[in-house]
Every structure is written in structure tokens, then in C-alpha cells.
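Here the structure comes first, spelled out in C-alpha cells, and everything after it is commentary.
The values are calculated or read from the model by the stated rules, or taken from the named source; none is laboratory data. Here the structure is a predicted model, which means the values were calculated and not measured. A quick note on method: Cβ atoms are made from the backbone with ideal geometry, for glycine too, and the neighbour counts reach across all protein chains shown.
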Amino acid sequence: MRMSSVVFTLIGLSGISSVPARCQMQPPAQTQTQAQQPLYSVTVVARPIKAINYLHHSGATKIDFRGTVLAPLAKGHADVESTRGAIRVQAQFDKMQPANSLGPEYLTYVLWAISPEGRAVNLGEVVLDGVKSRLDGTVELQAFALIVTAEPYFAVTQPSDVVVLENVVRPDTLGNVEEVDAKLELLQRGQYASVSPDSQTPRLDPRIPLGLFEARNAVQIAKTAGADRYAQESYIKAATLLAQAEGEQKHKAGKKQVEMTARDAVQTAEDARMITVKRQEEERLAQERQAAADREARAKAEAEEASKKRADAERAELEAQLAAERAAREQAAAEAAKAAAIAQQQALALEAERSRQAAEQSRQDADRAAREKQDADAAKAAALAQQQAAEAEAEKSRQAAAQSRQAAEQSDRLRQQAETEKADLRAQLLKQLNLVLQTRDSARGLIVNMSDVLFDTGSATLRQGAREKLAKISGILLAHPGLNLQIEGHTDSVGSDEYNQGLSEHRAASVRDYLVQQGVPAAAITSRGFGKTQPVASNDTPEGRQQNRRVELVVNGAAIGTSD
């Protein structure tokens, strides 16, 4: 058989408030609702432990149990036999203290099998007979470690961080030791709710079966988790079974009967709590989907409004251009009219001179001279009237030219306003993106930096934190259509050129694919890997290499004053 040395990340439940455990507990349906406080806080604890691969049909072997710092005197051993379809575990424990000695919230112990991937399987309750206990169980896993934890009741589905015993490889447990990387992110987290602030430390009465105390714990935890709303049928059944067990205890129906009814209540309450956790998660996801739909609708409306504003600006610019052309034509006509008036005035002056010469030559004919003089005077008056009309037309032309200049100035102001709006949008995007990931402004556009820690080590797989940040970035990009995105992957100098080039390309592609899944148009995104060819720091130090391991998102487009 092979033994795998694994570091498991155990998700512990610390700071659990004690659940009321009075001798005559009322059914939860009759409990008055009070202000609530957190039942616990989740902490992540790393613990090295040996996981053994019990090969199929390999027969029986033995392992020991050793007490942790929480129970240094506790010990035990187990016979483990690989049988057809399952592995049988027969465990014995000694020198164990009551579970509530570790805290008022703990009432019992549970034996767990933990796979190298972090999956926990409840093998059963470790019921104390004094300081000893025996437990027989089966598990379908082939490779696993064994631990014992203190719990509030026997039907829990994740181990607490109160680990009192862990398996130890004996000298006669033969096999090869192999280092295995556990998939820590697959271990599910415990999800209890909260209890009333008036919770009291349970005082265990030896005349009352332990299962009844566990049932009270389980029903109260299910209720404070919200099971009375999300899993009402199962919760009412659990509360009814608890009330039945309380009645059987009160009427002395027998310890065995009370224990059986109470354990049924515990299991039903845990089922109700798990249903509640699942439905709360479904409700949260539905709310997130609705929020995303609302954001998309707002983004669409904002895009339509921006499009309308652009159309209005283009129309105003066209009208200003037409007004300028019209003013130019009117100015040319006014100048032509002025030239014609001058020419006509000169012609009239010449004619008047001829008339005067004719009058001088025709002095002898007074009548004719008088008529000619009258004609000349009339022509002079007409010329003066025409001159005045020409001057008035010239004034109109000057006014039209002034209006044309004003229209041109208005057009220039509109263009300057458009440039200002681009600069404002660029600054707004820089601020919004900086709230999610480190972003800097450059001549190429806005460059968003994703560090190496947002990917699994040596992999292009996005971590949960990276997906959350990219989802926020996609929301920002969707709110401003017309933007383009170049995704560029980079590595440090560790490894071959071919490996680094492939890793940088795959990481850039992973970011591109996730953004497309979030609704960002694929046509607006390109991705490319540069390997180790474009470092931003020295590769001679760990800090410099970490800075070089990055993915950069270059945001640009006409809307913010830059192009590809």
C-alpha cells in the first residue's frame, strides 16, 4: 500500500456560541425570536497528516491514533481492511475527556476520513464509555487520513478545527511514502447560522441521554440558519421529533427510546440546515443574475443616450459648417454689389460731367440746358439713393460675416467639449479600473495589471478571486461600448523559452475567454503572449520575477482618445 504525506487545509469553526441545553427545552416553534449574533467565524487551518492509500483487496493493516495538543493524553488504534466495494475501519480510543471540556458548544466526537483532495466523510459518532470508545465504520474512499474532532452534534457534514486525534503510521504499516499536492480549494466550508445572544452553557445531566442535548443543538442551529423559512417542512419535522423526545424524557419512556427519537431529530435538523444553505446559495445566485441584468440594461440605456448625444453633436457641427458656407456666399455677393455700386457711381459721375459740358456748350439754349440740368440732378439723386442702398447691403453683409464667425466659434467650442468628454471618460475609467486592479495610463491606453497570484501556480487556470475581479472589469467595459481590449501575457525568465511563451499565451487566452463569457464582445478583444521577452523588473530577485509574471489588459479606443 502507498502512503501519501499530505498537508490538508481544514476549515474550522471557531468562536461557536453555546446552544441552550436546558433539561426541559421547549420546541423551537415556540421560542421567541430575538436579536441574533454570529454563531461562529470560519478560519482556515493547515495541518500536515499522513494519508494512506489502501490498495484494492490488499487485506488488513493497522494504524495508531495520537492525541493533538488539545487532547495530549488521548490515544487509539484501528484495524483497516480493504474489502469488496469499501474499506472497513474498526477503531478503539482511550483516555478521552468529555467533548464539552473543549468548549460548551461541543457535545460529542466524530471520526472523519479525509481524502488527499480535501473531501471529508463522516464515519460516525465516537460515543464515550467513560474514557474509552469503539467505532466500526466503512468508507468508499481508497486513499484517506483519519482524524477525530469535537462537534456540536453527530450528524455534521464538515469537521471543526477542534482536532483531538489523528492517525499515525505504525512501523508495521508497510508501503512507499509519496508526496501529494492536495486540492485545497475543493474542501467545502461549514455554514452554520447564528443563535440568540442569551445562549447559556449547557449543563449535561447524566440522567438525560446525550442525544437529546445534541438534538436541541441541531434544531436550534437549523432554526438560526433560517431553516424555518427555507426548509419549513423538514424543520417542522425536526422540531416535532425534538418535542416528542422531550415528552418521552419527561414521561420516562426509556433512555433507548429517547435516544432513538433524538437522533432522528438531529439528522432531520441537519437535513433542514443543508437544504437551507443550498436554497440560500440559489437565492444569492438569482439575485446576482438579476443585478447583472439590471447593470446590462443600464449600460444599454447609457449607450443609447451617448449615441444620441454624438448624433446631436454631429448635426450641430454640420449646421455650423452650412452656416459658415452661407455666410461666405453672402459676403462675396455683398462685395460684388459694392463693386457694382462704385462702378455705377463712377459712370454717373462721368455722365454728370458730360451733362455739364453739354450745358456749357448749350448755354444758348436755356430750356434745353435747364432740362438737361434737371435730368442731371435727377440722375445724381438716383445715384445717391443707389449708393445708400449699396452701403446698407454692405452693412448686412458685414453682419452676416459676424454671424458666420460666431457659428465657427460655436463649432470649435463643441469640438473642444468633445475632447474634454473623452479626457473625462478616460479619467473615470482609470479610477473605476483602479478600484478592481492596479491600472496606469499610457500612450497605448489604460493598462490593467493582473499579478501572478490570481492564477494557479504554473497554470493558466483563473482563481476565484481573479474571476470576481474580471467580472467587475467586464461590467465596466460593457458600460462603455466601443472600447477595445488587448490582453498580453508575460512571464519571468525561469524555465525554457517555449514553456514561458506557451504559459503566457494560455493565461492571456484564459482571461480573454472569461471576459467573453461575461458578455464582452469577442471582436473587441485580442490576446497575445510575450513569454519572458518584456520584463518590467530584474529577473535576478524574487520580487522582480513576481512583477514580471503578469497579464496586462490594454484598454483603448476612440471613446477615450486612443486607438489600437
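Descriptive notes on the structure:
- Whichever residue in region 358-390 is closer than 15 Å to Gln345 by Cα and surrounded by 13 or more Cβ atoms within 10 Å (Cβ to Cβ) and, among such residues, is farthest from the chain's Cα centre (by Cα): Ala376
- Considering each residue of region 28-36 in turn, none proves to be assigned to a strand (DSSP E or B), of a type in the set (S, T, N, Q), touching a strand residue (DSSP E or B) at 6+ places or on another chain (Cβ under 7 Å) and modelled with pLDDT under 80.
- Among the candidates Ala286, Ala297, Ala324, Ala293, residue that is assigned to a helix (DSSP H, G or I) and surrounded by 11 or more Cβ atoms within 10 Å (Cβ to Cβ): Ala324
- Residue match in region 511-523 (condition: touching a Lys or Arg at 6+ places or on another chain (Cβ under 8 Å), more than 15 Å from Ser474 (Cβ to Cβ) and at pLDDT 90 or above): no
- Applying a threshold of 9 Å to beta carbon distances and a minimum spacing of six or more residues, or different chains, the list of pairs starting in region 501-523 at a residue that is among the basic types (Lys, Arg) and ending at one that is surrounded by fewer than 16 Cβ atoms within 10 Å (Cβ to Cβ) reads Arg507/Ser459; Arg512/Ala522; Arg512/Thr526.
- Residue within region 485-498 that is of a type in the set (A, V, I, L, M, F, W, C), farther than 29 Å from Leu425 by Cα, buried (at least 20 other Cβ atoms within 10 Å of the Cβ) and out of contact with any Ser or Thr (no Cβ under 6 Å at 6 or more places or on another chain) present: no
- Residue check, Gly475 in contact with an Asp or Glu (Cβ under 9 Å, 6 or more places away or on another chain), touching a residue at least 40 places away in the same chain (Cβ under 8 Å) and within 20 Å of Ala427 (Cα to Cα): yes
- Residue ranges of helices (runs of 4 or more DSSP H) in region 448-564 with at least 1 members among the hydrophobic types (A, V, I, L, M, F, W, C): 464-478, 497-517
- Any chance Thr457 is among the β-branched types (Val, Ile, Thr), in contact with a strand residue (DSSP E or B) (Cβ under 9 Å, 6 or more places away or on another chain) and either outside the structural domain of Ala328 (by TED's automatic domain parsing) or surrounded by 12 or more Cβ atoms within 10 Å (Cβ to Cβ) (or both): no
- Residue count for region 77-100 satisfying the condition of being surrounded by fewer than 15 Cβ atoms within 10 Å (Cβ to Cβ) and small (Gly, Ala, Ser): 2.
- Selection count where residues are more than 25 Å from Glu498 (Cβ to Cβ), loosely packed, with under 15 Cβ neighbours inside 10 Å and in contact with a helix residue (DSSP H, G or I) (Cβ under 9 Å, 6 or more places away or on another chain), scope region 522-532: 1
- Residues in region 440-452 that are surrounded by 14 or more Cβ atoms within 10 Å (Cβ to Cβ) and either acidic (Asp, Glu) or more than 13 Å from Leu470 (Cα to Cα) (or both): Asp441, Arg444, Gly445, Leu446, Ile447, Asp452.
- Among the candidates Glu360, Glu393, Glu419, the residue that is more than 30 Å from Ala559 (Cα to Cα), assigned to a helix (DSSP H, G or I), acidic (Asp, Glu) and in contact (Cβ under 8 Å) with a residue 12 or more places away in the chain is uniquely Glu393.
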